[in-house]
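The values are calculated or read from the model by the stated rules, or taken from the named source; none is laboratory data. Computed from a prediction, not measured in an experiment: that's the story for all the values here. Counting neighbours? That spans all protein chains shown, and the Cβs are built from the backbone with ideal geometry, glycine included. Areas reflect the complete protein model, heavy atoms only, side chains present, ligands, DNA and RNA absent. Shrake-Rupley method; radii C 1.70, N 1.55, O 1.52, S 1.80 Å.
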Amino acid sequence: MARTLVLIRHAKAQHPEDRADHDRALAGQGRRDAPVIGRWLRSQDVAPQVAVVSSARRTRETYQLLAAELPAAPDPVVTDDVYYASAGDLLEIVRALPPEAGSVAIVGHNPGVGMLANVLDDGDSAVGDTERMRSGFPTSSVAVFAVEGDWSAVDPGGVRLVGYTVARG
């Protein structure tokens, strides 16, 4: 069964000095960019069945805004496990995904999300602008991967990048 893995870095967030990192809200630019993520996913015919979202406010807001642009977007699985997760931590989350899920989105943070995208990529993609993905995975970045086989068998260099964008509104 072919599966789809979508890795999303949250949209641009505010940086107030009086607020804990976990509680940072989206900035105005982030509020404009997050719906663009959803519209881009829809234009690519990517419809996540499961959404795993960091418990941080900015990731939850990003998902809420992008999900509003998708038909039948799933309720998010909000977890602290994605907040401050390394690429290795995120890979373990991918490997533990429900076997019946054909398409999954993970909304998280750098450096973990960007590092995982680069580690998973088999390097054979014809997708343009992968250099931008490899050089930093900016806010509102979205990487879409085709996964052959079970989630539990996902390994570094073992999935094909089939779409990438930095959504800006």
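Here r is the Cβ-Cβ distance between Ala25 and Asp124 and R0 is 45 Å; the resulting FRET efficiency, rounded to 0.05, is 0.70. Taking Cα centre as origin and charging only the Cβ of basic (Lys, Arg, +1) and acidic (Asp, Glu, -1) residues, the dipole magnitude of the chain rounds to 660 debye.
Modelled label positions at Arg42 and Asp80, each set 7 Å beyond Cα in the direction of Cβ, lie 3.5 nm from each other.
Sorted from greatest to least, the principal axis extents spanned by the alpha carbons of the stretch 10-77 come out as 40, 23, 13 Å. Per residue, the average separation of C-alpha pairs within less than 8 Å and at least 6 apart gives the chain a relative contact order of 32 percent.
If you take all other residues with their beta carbon under 11 Å from the beta carbon of Arg168, and give Lys and Arg +1 and Asp and Glu -1, the sum is +1. Ordered by 1.4 Å accessible area with all protein chains kept, Arg32, Arg19, Arg58 run largest first as Arg32, Arg19, Arg58. Looking at the chain, the accessible area is 45 square angstrom per residue; that uses a 1.4 Å probe and ignores ligands, DNA and RNA. Using 16 Å as the cut-off for backbone N distance, which residues of the stretch 58-85 belong to the label zone defined by a point 7 Å from the Cα of Glu100 along Cα→Cβ? It comes to 74-75, nothing else.
Remark: the stretch 21-106 carries a charge dipole of roughly 380 debye about the Cα centre, counting +1 on each Lys and Arg Cβ and -1 on each Asp and Glu Cβ. Report summary: the helix-based calculation at 222 nm, which adds -39500 (n - 2.57) for every DSSP H run with n ≥ 4 and divides by the residues of the chain, gives -8500 deg cm²/dmol.
Each of Gly123, Ala27, Val94 was scored by the projection of its Cα onto the charge dipole of the stretch 1-129, and the greatest displacement toward the positive side belongs to Ala27; charges sit on the C-beta of Lys, Arg, Asp and Glu.
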